[in-house]
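**Q** Following this message is one structure expressed as structure tokens.
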Amino acid sequence: MSESRVAVVSIIVENTDCSEKLNALLHDFGDYIIGRMGIPYREKKISVLSVVMDAPQEVVNALTGKLGMICGVTAKTLISRY
């Protein structure tokens with residue numbers, strides 16, 4: 001695997017029925033997660049999450065890809081150069 005990097009995964013959940021799948025997936029990648037913050041936006045019936053990771057780029061990409069396969073979930077990633 002490549003060298004570890006710090007990354008931020010931004011997640012928008014438009015279907016809160018999928019929250020259980022999302023949380024299970026984040027649990028699976030828990031060894032790489034430094035912290036997470038979730039904000040429910042009740043007026044729009046969505047949730048916004050930020051997940052900070054320290055992981056090889058392949059692991060970050062794997063998480064982002066799996067998140068994108070959950071219905072009602074959108075994920076984008078920002079990865080540090082260092």
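**Q** Is it the case that some residue within region 27-34 is part of a strand (DSSP E or B) and open to solvent by 70 Å² or more (accessible area, probe 1.4 Å)?
**A** Yes, the conditions are met somewhere in region 27-34.
**Q** Filter region 35-82 down to residues that are over 11 Å from the mean Cα position of the chain (by Cα) and among the hydroxyl-bearing types (Ser, Thr, Tyr) and give me whichever is surrounded by the most Cβ atoms within 10 Å (Cβ to Cβ).
**A** 47
**Q** A follow-up question, please. Just name the residue that is farthest from residue 25 (Cα to Cα) out of those in region 53-78 that are of a type in the set (Val, Ile, Thr), part of a helix (DSSP H, G or I) and in contact with a strand residue (DSSP E or B) (Cβ under 7 Å, 6 or more places away or on another chain).
**A** Restricting to residues being of a type in the set (Val, Ile, Thr), part of a helix (DSSP H, G or I) and in contact with a strand residue (DSSP E or B) (Cβ under 7 Å, 6 or more places away or on another chain), the top hit is 60.
**Q** Give region 1-26 a look and list any residue that's within 18 Å of residue 68 (Cα to Cα), open to solvent by 70 Å² or more (accessible area, probe 1.4 Å) and more than 13 Å from the chain's Cα centre (by Cα), or say none.
**A** Selection gives 14, 16, 17, 20.
The values are calculated or read from the model by the stated rules, or taken from the named source; none is laboratory data. Quick caveat: nothing in here was measured; it's all calculated off a predicted structure. FYI the Cβ positions are ideal-geometry reconstructions off the backbone, even for glycines, and counts take in every protein chain you see. Accessible surface is based on the protein model in full, side chains and every heavy atom, while ligands, DNA and RNA are left aside. Shrake-Rupley method; radii C 1.70, N 1.55, O 1.52, S 1.80 Å.
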